[in-house]
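Worksheet for the structure shown next.
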Amino acid sequence: MSDKKYWQSFSELANSEEYEKKIQNEFQEELPFEDKDGKGWLDASTPRRDFLKYLGFSTAAASLASCKTHVRKAVPFANKPENIYPGVAKYYATTYVQDGDVIPVLAKVRDGRPIKIEGNNLCSFTQGGTSARAQASVLDLYDMNRLRHPKERVVKGTEVSYEEVPSFEQLDKAIAGKLAGLRNLVLLTSTVVSPSTKEIIAQYPNLKHVQFDADSYSGLLQANEISFGKRAIPAYNFDKANVIVSLGADFLATWLSPVEFARGYSKGRKINEKNPEMSKHYQFESHMSTTGASADERVTHRPSQIGVVALDILNMLNGTEGSPVNDDAKLEAGIKKVVADLKAHTGNALVVCGSNDVNVQVIVNAINNAIGAYGNTIDWSSTLNYRQGIDAEMNQLVADMAAGNVDALFIQGANPVYEYHDADSFKKALAKVKLTVSFNEKLDETSEWCNYIIPTHHYLESWGDAEPKSGYTSFIQPTIFPLFKTRAYQTSLLKWSGNDTDYETYFRNYWTAKLGAGFDASLQNGVIENTAAAPSAGSYNGAGVANAASAISAAKKGGAIELVLYQKVSVGNGKQGGNPWLLELPDPITRATWDNYVMMSMSMAKDVLGLDLTDKNKEKTINNYEYYPEKPVVELTANGKTLTLPVLVIPGMDAHTIAVAVGFGRSEKLGIAVAGVGQNVFGLKTFNGTTADYFNSNVELKKTDKKYKIAQTQIHGSYEGRTEVVKETTLATFKKHPNHFKEYREELAKDFAPLTGDFRKESTIYPDHPQPGLKWGMSIDMNSCTGCHACVVACHAENNVPVVGKSEVMRYHDMHWLRIDRYFVSDENNPDDVKAVVFQPMLCQHCDNAPCENVCPVAATNHSSEGYNQMTYNRCIGTRYCANNCPYKVRRFNWADYTGADSFPNNQDQKLVGKLDAVVHQMNDDLTRMVLNPDVTVRSRGVIEKCSFCVQRLQEAKLTAKKEDRVLADGDAKTACMTACPTDAIVFGNVHDKESRITKMREDNQQRLFYVIEQLHTLPNVNYLAKIRNTEELLEVEEHHEEQAAEEKKETATEATH
Amino acid sequence: MIPCNSIVKKLSLCTFVFLAFFSLQVSAQDGKQLFQGNCASCHNPFQNGTGPALKGLEDRGPWGDRNNIYAWVHNPVGFMATNKYTQDLKAQYGGTMMTAFPGLKTEEIDAIVSYINEVQPPVATKPTGGGSGTDNSGRNALIFGVISLILAIIALILMQVNSNLKKLSDDKEGILRPEAVPFWKNKIYIAMTIIVLFVVGGFYVVKGAIGMGRQIGYEPEQPIFYSHKVHAGINQINCLYCHGNAWESKHAAIPSTNVCMNCHKNIGEYKGDPLFDADGKEVNGTEQIKKLYAYAGFDPLNPNAWDANKAKSIPWIKIHNLPDHVYFNHSQHIRAGNVQCQTCHGEITAMDEVKQFSELSMGWCINCHRQTKVNFYNIDSTGTETGNKFYSIYEKFRKDLMPDTLKDNGGKYILDKNGKFIIHPSKMDSVTVKDIGGIECQKCHY
């Protein structure tokens, strides 16, 4: 394994001294006992006497503060609804809809407040999976920056104000007055997936409907129109594909319907040890994407080359020569390999492409036709409705508006001033429209220019329906009475078109007519699905291929540096960009929070910035880059616009490509949390005449002297070089040495327990903790984890994990109970060429022999008889010994009062602790706090917290079983991370139950099972299953016996010399 | 059942409905339970409520024939169609229809009727000054204190006498000694006094500090003088009739206004014994009902016009407060634990306005968890199962509960010198809440 290295940071890669020093220190800063002058606390102007004074005062104050008992009221219902019990949560089926994204979900409603989103298991294609954004959507409901009533934009001279319209009657009257005589009405929306809404729009006289998507799939839609005569997207069956080739499609994180695709994809990635086979995933891409991280083989290319790559594949599949020449040998080899594999798996292969270029997609259609994907892995019997916008229609609309041909414009969902590639021309054109109305929930970039803003409900307050795939309908029902004076935009459209029914009635009538008496049951289930039709291949027509091929061949080559615009799994296209949970979510690849930035390869960093991170002699440079949040800043010029952005150097990038995430740089009107976070790069899209390309083939980069701070979490927890933390190998190696990981564990038992072989009992001085009844355990399959981070947000929501803000993340104070560690696997000598990326969800391992428990002076953390490690906040005095002694670095300390739970007011802004970011105050707003889970304590300053295995859920499950006088069934208790996971990577349950899934999982996967740093004898209750890459590469396997023998020999030799 | 000694004595009448459904044999005692579980929410044996008083019902109307009673209870609507007496009764009670109980067996109805025939009106207890039930520990402490003080003074005097006598004898013998130090200047005395003061003072400071925020005996004045004694005590309304939420949820919850009005639509006057508040002032019960009507928006003169949707909530003052970091679940205790309400809330049936009976401190919780036995699952040789099946996974405890016959390493029984099996006593005699992890931190703090 000489050339293979697992590493998290560049310093680790270089094994620098500073790194060694840093990792010795769990808490990387001194206690804030310093004076302003920087003197120590004994020499400071607040010396010992003052300390004693404060001590005396605070003791007295604490006593006095607790002397007076508050009179608390208990106000019951006036007229209690049947079947609603205060304190008992109810679950309502509804649907997360954001633009075209659709995920059927259940909303957990506790005492009238939705507080948690769970996936809907009845949905056949998500099977209960969710995404990070769906999980975070419940926080958007309580966003204090939502518009609270309809507004009218009033311009007086240079002053613009937004004045409240007192009632909807008044509003309707005013609009009706203005609409009179207007003929050309346009409704501009993001993709509409609701069939009833579409009917309403169709019935509105003289209303033209234009759909515009920030992340457009126009190229795919139009290509299918050419190839199949249908402007639609077929269903992709990733579960049926043995070979998956993705040309820049980030289908596990952001492309089209990632939850559905990840679910299907993961089925091919689960390994049966008796017959270890798995699907093969090739990724061609220009930047390091989340999906690329899961790929078995990755080939990078310039974004402008994607057409050439597709064409190459097609030509080689067809056996025709004369394909455009690639001067890149690696790319060429990759293409050859893919073609051979595709040929070998005709009918079981699938090619997806993330390009928004019609020509490229036409070629990809031809490839899929050539490999027999249609009717097998691609199914035309059901079409996907997630994205329907056509870029050219939007362009036409802007032209019409500019020409004065649009009289009234209604906007819903879309936000062109922010998302359109030419926002200035849209803004100018908007001024020429006589009446502009926005239905958006917030005063976003477009709404602030509209005459009227009539906020629509949040989806958790709405009625509605969604048809994400033809034949699959999912219903939306309100889970809370609208918090503000908002109105469904459909009701407005109905009213203005002369129909006096509101949308709820319309929606009920619409579905009762279709479903009759079955409507209520469907609403309760949340989804109705037609019986799946037989897969259809559609009617492929290859006539457009020649044109597309010549267009691609004729396309001009890219410049020295090209730019890719990508979406993050967190904020996506920016619609939920004001969501603090998402903003603080570390990016799966860069581990950065709260910003967007330029990602570039190490070689480009050397060329452009003069920053050489691979040179081991330049330790200081590496450490300066790695350990301080200040990152170099570049000036990026494209489309005539210049942006200054910070740089993160990331391996696995194409050498000529930089990547910047969209979705940042939102208007400060969306809240204090989002103000100043990142920059908007939608303007760097290029329009190719038909569609908008999400890359720019010629950009300029200029180094500047400026620095910018980025809050990354990647180096916050380190294992001090214990690389056994991750276990990863290739499929070929695994087949050859199936017991490689198992032998390591057996060897441990021999080493540590030579007498009995009982690793558990013999190799410790501590007594065993008996578990007479239940014993909880978790298994995490690293082969299934795609790094989508849904679990991390679910954990936030379930456990009231605080948001700390960028400044605190920079000080290593992030509070995530669950983090997903990212390891690059690469050749030590060529780190830019990433062989694999391993994601490892890391949470409290609930060790049976926990190092944290032994060092707590007040026994605030101790072991339960059910096998989990308990943390008692009210007992914790904040010594942080436990966090120091935790080898997994999963304990989090409340450095400041992040939650407002302290008894003393004004504990959040102090000279010593530092001023907390505005977002912390936003999270502590009374409205935002409605999202808190009342069953989980809100932690105050000075205590440690960590994963509790969602103990509140375990207790609830046990209680339900006791009340029902039965044994706890497998699956009664599920942790939040487990239910959120779209790939079923996390299995949780009672390991004493011989029939439970967790027991079976451990029994059936003995060859991949491992515990992280098991040699420390911590006896974790969380096990992992090793990651297997599907490549033919044979890795060297350490022979444990020999190595040990050699070591022993060495020892005896040294002894002998003494 | 909770064997907390001081509490067992006080366990009183208010038992739970659900027990009734599981009883196999029906007896007069069950008649009382059945009555309380099914009928008491609307009927009282001696007073007209939502429905008429039931005492002596067999002398009235068609009820002399037991079959009529069965028919009526099982299907009131059907019976009323052919019966003028019940039609009149309905008119008399504001159109309220009797609830059907098709699930009650005929012998159960018999048991209820015989209970109604046997039951005697409760003898109203006058409020007494100190209350007979108060314990004497406080008084004893005082007596001990006084005695100790007297003994201490005697000891002091004796010591003084002793030193004086010694001085006298020394003087007589001509031994010269320095003048004795008076006791208030004697360093030993001063040190002793300081130590005593420190210990006593420290004890009270610590005790006071621990007691901070605890409010045992807290009895706030409520917006309405609601007497639990009248409702749960004298009228024997089941606790769960009003606090039904406790059955389902962690919160017991205070009943909504419409639940009060279920009965008070018909009960507009208080006719019981005089009520006294905590200060001994007499309270007009009827006035209190009028306060309820004000919240409910109910006009007694026009009862049919009442709309429950227009009622207002009554802002009661919360008496039992737990800190935020404590998770407590009512349904767990009453359903899984079979704990009686009175165990924690005291003799609620004797309280007018409720006051906090228990300390609600962690030590108090833990002590109970240490002593209380769970409804542990067991299965005997005939295959009869007892206890909650949830606990069947605790096989080790089940084994430990059994007396064991000793075996040697080879698996053979060891015999004593008389040739008999050696029976080892069982390792545990019962399974308490503690044994199943009930005093671990994260059972209540998360």
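What the table shows:
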item	result
Dipole axis of chain A (+1 Lys, Arg; -1 Asp, Glu on Cβ), positive-most option in A:Ala555, A:Cys882, A:Val662	A:Val662
Over 26 Å (Cα to Cα) - which of A:Lys274/A:Lys761; A:Lys330/A:Lys606; A:Lys80/B:Lys291; B:Lys55/B:Lys318 fall in this group	A:Lys274/A:Lys761; B:Lys55/B:Lys318
Over chain A: helical MRE at 222 nm, DSSP H runs n ≥ 4 each giving -39500 (n - 2.57), nearest 500	-8000 deg cm²/dmol
Number of partner chain Cβ atoms within 10 Å, mean per residue of B:327-334	3
The stretch B:375-430 - charge dipole about Cα centre, Lys and Arg +1 at Cβ, Asp and Glu -1, debye rounded to 20	160
Charge dipole (the protein assembly as shown, unit charges on Cβ, about Cα centre) - positive-most of A:Tyr506, A:Thr975, B:His74	B:His74
Ranking of A:Cys450, B:Cys365 by count of other Cβ atoms within 10 Å, fewest first	B:Cys365, A:Cys450
Shielding of B:111-119 by partner chains, average beta-carbon count, 10 Å	0
q = 0.20, 0.21, 0.22, 0.24 Å⁻¹: log10 I(q)/I(0) that the Debye formula gives for the stretch A:586-700, counting C-alpha atoms only	-1.19, -1.27, -1.35, -1.48
Residue-wise HN-Hα coupling along the stretch A:639-656, computed from phi with Karplus coefficients 6.51, -1.76, 1.60 (Hz; x: Gly, Pro)	6, x, 10, 10, 10, 9, 9, x, 10, 10, 8, 10, x, x, 8, 5, 5, 10
Computed magnitude of the charge dipole of the stretch B:218-359 (debye, nearest 20; Cβ of K, R +1, Cβ of D, E -1)	460
Inter-part distance where the stretch A:114-177 and the stretch A:565-588 are each reduced to a Cα centre, Å	19
Listed residues B:Asp404, B:Asp110, B:Asp352, most fluctuating in chain B (Gaussian network, C-alpha, under 10 Å)	B:Asp404
Alpha-carbon centroids, the stretch A:423-492 and the stretch A:237-262: separation in whole Å	30
Whole-angstrom gap from the stretch B:136-214 to the stretch A:198-226, using each part's C-alpha centre	96
Options A:Thr1031, A:Ser864, B:Leu197, ranked by Cα towards positive dipole end of the protein assembly as shown, top entry (Cβ charges)	B:Leu197
More than 19 angstrom apart: percent of Cα pairs within the stretch B:218-359	56
Formal net charge of residues neighbouring A:Arg508 (Cβ-Cβ distance under 12 Å; K, R +1; D, E -1)	-3
Considering only the protein assembly as shown, percent of DSSP beta bridges that pair antiparallel, nearest 5	65
Environment charge at A:Arg760 (Cβ cut-off 13 Å; Lys +1, Arg +1, Asp -1, Glu -1)	-2
Cβ-defined net charge surrounding A:Val919, 11 Å radius [Lys, Arg +1; Asp, Glu -1]	-3
Fluctuation leader among B:Val113, B:Val199, B:Val431 - chain B, Gaussian network, Cα springs under 10 angstrom	B:Val199
Per residue convex hull volume, Cα atoms of the protein assembly as shown, in Å³	305
Chain B shape via C-alpha gyration tensor axes, a/c threshold 1.5	oblate
Shape of the stretch A:156-249, Cα gyration tensor, a/c cut at 1.5	prolate
Under Karplus coefficients 6.51, -1.76 and 1.60, residue-wise ³J(HN,Hα) of the stretch B:250-260 in Hz, glycine/proline x	5, 8, 6, 6, 8, x, 6, 4, 5, 5, 4
Cβ-based exposure ranking for B:Trp316, A:Trp463, in which fewest neighbours within 10 Å come first	B:Trp316, A:Trp463
Cβ-based exposure ranking for A:Ser570, B:Ser148, B:Ser426, in which fewest neighbours within 10 Å come first	B:Ser148, B:Ser426, A:Ser570
Cβ charges +1 (Lys, Arg) and -1 (Asp, Glu), total dipole of the protein assembly as shown, debye	3340
10 Å Cβ neighbours from other chains, averaged over peptide A:928-935	1
Peptide ranges A:345-357, A:889-901, B:390-402 listed from the most packed, as the mean C-beta count within 10 angstrom indicates	A:345-357, A:889-901, B:390-402
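Readers should treat all values here as calculations from the given coordinates under stated rules, not as data from a laboratory. All of these numbers come straight from a predicted model, not from anything done at the bench. Ideal geometry is used to build each Cβ from the backbone, glycine not excepted, and the neighbour counts take in all protein chains shown.
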